[in-house]
Amino acid sequence: QFFVFCHGLLQLSQLLVSGYLKSSISTIERRYGLSSQTSGLLASFNEVGNTLLIIFISYFGSRVHRPRFIGCGAILVSLAGFLMSLPHFITGPYEYDQSVASMFSNTTDLCQPGLPGSQGNFSDASCTPHAARENQEVLLVMFIAQVLLGIGGVPIQPFGISYIDDFASERNSPLYLGILFSVTIIGPGVGFMLGSAMLRFYVDIDKVTGEVQQLTNKDPRWVGAWWLGFLVAASLVALSAVPYFFFPREMPKEEVPGPAETSDFPVVLLRNLRHPVFLLVVLAQVNLSAMVAGLATFMAKFLERQFSLTASLANMIIGAVNIPGAMVGIVVGGAILKRFQMSLRQCSAMCILGMFLCLLVAFPLLFLGCPTQKVAGVTYGESSEFGHHTLECSLQCNCPEKAYNPICGSDAVEYISPCSAGCKVVNINADNSILNYTNCSCISENGLMGFAKPGTCGTGCSHLFLPFVVLSCLAGILASTSHTPSFMLILRSIQPEDKSFAVGIQFMLLRVLAWMPGPVLYGSAIDTTCILWEKKCDKKAACRYYNNKLFRQRYLGLQFFFEVGAF
């Protein structure tokens, strides 16, 4: 029982590392200028290290000192977690365009006519070969950390489960495994909650004093302390690893052992892959897993953009609403199975019914959302041919092309920077935060010059937020009711001695066909809907503005496509 407790703790903290990465992915994108395709690849890269080794490990399971292997794996996972936060410490402070000269930069992005080119181009100054190399180093470190995370995670689940199953009584084993299983679902939820807590702090909380800090967490340039959660999670993993080095190689079994299993690798593989029920159920699970992979990785980003939420709130919703919803679905599915002692045919009928209802609920989601806010020169106004965001009214300002410091005009149009709106004056509150911008030549109200407030105008979509969350949570509950019956279909339709191996093949296929390509596919789809890219060293970096309608249709459309596939 102490082993089960330790293993629950370890699995929780291991999933905290990978779940936390997903919660901070949109922040890391913004901080290091990544496209969603790159961040999707990053998010799924831990599966690479995992997949390479999982089959061997499952096969050699009973021949090694399992607790010690688990302990070593956990140490690797912990190292990977610390490595994930390293980029923060090797790169300089986060730089963003400001209207008030600070100790970092004396340039401002106000309209200063008559000073041709005096402002210099904002982001060009930072485009030294060193800066470009620094970004590659950051990516390299993170990808290596992800591979280590995958490799370290390999022994943890299979060895833990087989160790418990070997030495627990037949009666208690399902209970113990059920406890561990529920932990694996809670884990990512806790990861998102941790993300929600950490992203409220400013990224350079350890490098700058509060006095210079002009951003609020509602600002689209806000970057939260993404690295902090990795330190927390990695420390937890390191702590959980300690007891494993003191467990014995074998324990006295709680009751009588069953016959030993022996089988031949290639024969079993072919026998299972030719099994129609096994194959169809696994394909359905591949579709569902691909949907979940994309959902988990980019749902927070979607909520941030579609409903103008802060990263912190978006993670809060996922961790407190969507993931518990999926848990409820899994539990309800299992309870129905147990209560009605279902046959295999009834199991498959239940899967189909669950998915069908899920489709009905998920379809309206495609229509719940709003278009992108009006952004002068980007989605709206005289020159919306992209790449040329100079507005006539601010031509005399000689604006730096790349400046990004969005403001919301009193005409309800968003401008990329105060300069592009032709604002000449900035007014500051007592606490050094910006009150508003005035004398803006592009913003006119009743023939007078308008003013602007710092920050984005937002999509004005808050009234649709609640129905969206309710429906998506309901769809999640319905889809996950099919989880347990689909597992039962696999376990009961194949030969008993192939069980552990079949589950190994199943996880292998899910990884290769769903968890690895899923986030990359979703990320690429999201990238196609970007309408204004940040440029770093003349290369595309992170996306500033998406076409929200296309973003919604492609992101949720892909999700719907996989749900239909599973059905």
Cβ pairs under 7 Å, 6+ apart or interchain, first in segment 244-256 and more than 18 Å from Gly8 (Cα to Cα) and at pLDDT below 90, second part of a loop (DSSP other than H, G, I, E, B) and open to solvent by 80 Å² or more (accessible area, probe 1.4 Å), ordered by first then second residue, are Glu255/Glu170
For segment 113-226, please list each of the helices (runs of 4 or more DSSP H) lying entirely inside it that holds at least 3 residues being under 19 Å from Ser44 (Cα atoms) and modelled with pLDDT of 85 or more. 129-153, 173-198
Matching residues in segment 538-567 (open to solvent by less than 50 Å² (accessible area, probe 1.4 Å) and in a helix (DSSP H, G or I)) number 13
Take the residues of segment 436-464 that are farther than 27 Å from Phe307 by Cβ and among the hydroxyl-bearing types (Ser, Thr, Tyr): which is surrounded by the fewest Cβ atoms within 10 Å (Cβ to Cβ)? Ser444
Which condition number does Met342 fail, the rest of (1) in a helix (DSSP H, G or I); (2) among the hydrophobic types (A, V, I, L, M, F, W, C); (3) at pLDDT below 90 being met? (1)
Which of the residues belonging to segment 31-54 are open to solvent by 20 Å² or more (accessible area, probe 1.4 Å) and farther than 19 Å from Leu83 by Cα? Ser35, Gln37, Leu52, Leu53, Ile54
If you take the residues of segment 418-434 that are of a type in the set (A, V, I, L, M) and in contact (Cβ under 8 Å) with a residue 12 or more places away in the chain, which of them is least open to solvent (accessible area, probe 1.4 Å)? Ala421
Please verify whether segment 285-293 includes one or more residues that are surrounded by fewer than 17 Cβ atoms within 10 Å (Cβ to Cβ) and under 30 Å from Gly195 (Cβ atoms). no
Per-region count, segment 296-332, residues among the charged types (D, E, K, R) and open to solvent by 30 Å² or more (accessible area, probe 1.4 Å): 1
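The values are calculated or read from the model by the stated rules, or taken from the named source; none is laboratory data. Just so it is clear, the structure is predicted and the values come from calculations on it, not from any experiment. Neighbour counts are summed over all protein chains in view; Cβ atoms, including those assigned to glycine, are modelled from backbone coordinates with ideal geometry. Ligands, DNA and RNA are stripped out before the accessible areas are found, and what is left, the full protein with its side chains, is counted by its heavy atoms. Shrake-Rupley method; radii C 1.70, N 1.55, O 1.52, S 1.80 Å.
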